[in-house]
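Worksheet: the structure to be examined is printed underneath.
The values are calculated or read from the model by the stated rules, or taken from the named source; none is laboratory data. Just so it is clear, the model here is predicted, and its values are computed rather than measured. So basically every Cβ, Gly included, is an ideal-geometry build from the backbone, and we count neighbours across all protein chains shown. SASA here: full protein model, heavy atoms, side chains in, ligands and nucleic acids out. Shrake-Rupley method; radii C 1.70, N 1.55, O 1.52, S 1.80 Å.
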Amino acid sequence: MIRRTLAALLSSAALLAAVPAGAQEILSFGTANPDQHPLVTRILTPWVEAINAEDPSVLQIELRNGPMIVNHANFFDRLQDDVVQIVWGITAFDPGRFPRSLVTTLPFMVQNSEQGAVAACLMHERGMLDGEMSEIVPLAFVQFPQASLHFQNHPATSMEDMAGMKVMTGSPVVAGLVQAYGGTPLSINVPEMYQALQRGTAEGLVMNFTAFPGFRLHEVTTDHLIAPLGGALGMVFMMRDRYEALPEAAQAILDRHSGCEVARELGVEVDAWEADALGFVQANGERRFHTLSEEQIAELVARVGAPIEAAYVERTPGGAEVLEAYRQALGDASGE
């Protein structure tokens, strides 16, 4: 018995000695979205596949899709607890943790996802988001396009149609806009929006079209007002201490698939996704579309633009400086 135990220990020691110092790093990536969701198929999976193709002996990322491990509310906690090592999250779903980044949700500012994603990356590179991102390493920025207004069996021809209606929003910024037009804002995460509309808990929502196919929102909406009512910022990120514990070769692979050019590429794909999703909604069911005219948008900006910006500045540490820096980043991102 003693001989067998000694032999087993020696064998184990030999195996450990045979493992190279630069052994493969395997990182779990929690996305909170189903396998078939367009965010997974169009954005996150190609990004992961490009990384995994670099040097499998150094680094591999394993996607963990679905809400069982990580969901849209607990993504930061799961990352912090090392349940996963990389996570996807939308900053507006954790506004207390990411107050500065809510500048990306302001209406009227972002022209498209490409511009917005690059601007968010530039804000990070320039240190304007350091106060809330010192513990993390953002690997990819994904800006969602400007949201529109949608109702179920209720007209959506002007902003005034929100009066007296319960409208779901994705951020406190948009909630203020809903209130300005007499609506009651509801803070409900995207996966719960379908049931809220189905049950009558809510009567409308402010959301971009990318969410419609994946969450079947076209089944519970009939009227759509296309308007620039604010976007949302998503990030792929790690805890900083976990990133810094990686071998330099693994860090280098991640770095090659991060940064503002990657953000631009992802933004281009999100813009294509938004166009495809709009076409999908238009082709499914009887529905009515209206688009705010330039005059209506000018009136909207004149009525709520300054108060919304003032509210952001008031509740955000260094808000005035962040807002001005974001204007500059948007201009730089679009070459202006």
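The sole residue among D55, D35, D77 that is of a type in the set (D, E, K, R) and within 17 Å of V137 (Cα to Cα) is D77.
Look at (1) in contact with a Pro (Cβ under 8 Å, 6 or more places away or on another chain); (2) assigned to a helix (DSSP H, G or I) and you find that M235 fails only one, number (2). Return the residues of segment 209-226 that are open to solvent by less than 10 Å² (accessible area, probe 1.4 Å), within 17 Å of A275 (Cα to Cα) and in a loop (DSSP other than H, G, I, E, B); say none if nothing qualifies. The answer is F209, T210. The numbered conditions (1) under 24 Å from L300 (Cβ atoms); (2) in contact with a Pro (Cβ under 9 Å, 6 or more places away or on another chain) are all true for P191 except (1). For segment 183-206, does any single residue satisfy the condition of being farther than 30 Å from L27 by Cα, outside any helix (DSSP H, G or I), at pLDDT below 95 and open to solvent by less than 30 Å² (accessible area, probe 1.4 Å)? No, because not a single residue in segment 183-206 is farther than 30 Å from L27 by Cα, outside any helix (DSSP H, G or I), at pLDDT below 95 and open to solvent by less than 30 Å² (accessible area, probe 1.4 Å). Listed by position, the helices (runs of 4 or more DSSP H) enclosed by segment 39-128 include none that has at least 2 residues that are open to solvent by 50 Å² or more (accessible area, probe 1.4 Å), farther than 30 Å from I226 by Cα and modelled with pLDDT under 95. For segment 315-336, name all the residues that are closer than 17 Å to F98 by Cβ and either open to solvent by less than 60 Å² (accessible area, probe 1.4 Å) or modelled with pLDDT under 95 (or both). Result: R315, T316, P317, G318, G319, V322, L323, A325, Y326, A329. Among residues of segment 110-126 that are under 13 Å from V270 (Cα atoms), those with a Cβ under 6 angstrom from a residue that is β-branched (V, I, T), sequence gap 6+ or separate chain, pair up as S113/V270; E114/V268; G116/V110. Residues that are among the β-branched types (V, I, T) and under 15 Å from C260 (Cβ atoms) were ranked within segment 92-121; the one that is farthest from the chain's Cα centre (by Cα) is V118. Exactly one residue out of A250, A245, A275 is open to solvent by less than 10 Å² (accessible area, probe 1.4 Å) and over 16 Å from the mean Cα position of the chain (by Cα): that is A250. Residues in segment 163-188 that are more than 25 Å from V313 (Cα to Cα) and in contact with a Leu (Cβ under 8 Å, 6 or more places away or on another chain): 1 in all. Residues that are open to solvent by 10 Å² or more (accessible area, probe 1.4 Å) and assigned to a loop (DSSP other than H, G, I, E, B) within segment 129-138 comprise S134, E135, listed in sequence order.
Which of (1) modelled with pLDDT of 95 or more; (2) open to solvent by 30 Å² or more (accessible area, probe 1.4 Å) does F141 not meet, given it meets every other one? Here F141 meets the rest and fails (2). Of the residues making up segment 27-38, those that are buried (at least 17 other Cβ atoms within 10 Å of the Cβ) and part of a loop (DSSP other than H, G, I, E, B) are T31, A32, N33, H37. Residues in segment 253-298 that are farther than 26 Å from A119 by Cα and either without any contact (Cβ under 8 Å) to a residue 40 or more places away in the chain or not in a strand (DSSP E or B) (or both): G279, F280, V281, Q282, A283, N284, G285, E286, R287, S293, E295, Q296.
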